Amino acid sequence: MYDSGHPKTMKNIYLHIKLIYPCRAFCTFNSILLTIILLYQCQSASAQNFKTVFTTSNSALDSNKIQALEKVNNNGLWIGTDAGLHFFQDGKWTSFNTQNSNLSDDDIRTIEQISNGQLMIGTFTGGLCMLNNDLSINCYSTQNSDIPDTFIKDILQVNDSLIYLASPGGLTEWNI
């Protein structure tokens, strides 16, 4: 049933077109018209849902190239870019990079908060870094650990004592 009170919903657009063009002769026309209208409506609707777009010009981000996100329990957001690690909460930013911390690489590729509250950070060339609850950072690479590659592509915590690291050098099990 067509709801005239909400003319821009996808269902109503389809029903409206069906009412206008019920004949099978217009089937191709209906399909094309429906596709065009739906694409337009989806584009318009998605553009209206953005609240803020954070960039280097209006935030503490050092780069617009966002590569990793991790939401944490206290409604904060960890953001990994190709220029460092950033924390955003309640309109405030905190940034970590190789210049102001012990991060081994600014090119952050993956972030995972594990059950003990630590943040595991996978980098492009610096291996795995762990941001401890006291904000100190320890990093592990091929030179000081059994990690087979310094490019950490993904991190997955399986249980309270086991995580997996994905890298071009293989899958690493790590007991924490």
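Give me the extension gain from residue 156 to residue 94: residue separation times 0.36 nm, minus the current Cα-Cα distance, reported in nm with one decimal.
19.9 nm
Once fully extended, how much extra length lies between residue 164 and residue 145, figured as 0.36 nm per residue of separation less the alpha-carbon to alpha-carbon distance? If you can, show how the numbers build up before the last one.
On the way: separation 19, 0.36 × 19 = 6.84 nm, distance 1.45 nm.
Extra length available between residue 164 and residue 145 comes to 5.4 nm.
Could you work out the mean projected area of the convex hull around the alpha carbons of region 43-114, in square nanometres to one decimal?
5.9 nm²
Quick one: length gained pulling residue 173 to residue 116 fully straight, 0.36 nm per residue minus the C-alpha distance? All intermediate terms of the calculation are to be shown ahead of the outcome.
Numbers: separation 57, 0.36 × 57 = 20.52 nm, distance 1.75 nm.
Here the segment from residue 173 to residue 116 would lengthen by 18.8 nm.
Every read-out reported here was derived from the displayed coordinates using simple, explicitly stated rules and does not represent laboratory data. These numbers were taken from a predicted model, which means no experiment stands behind them.
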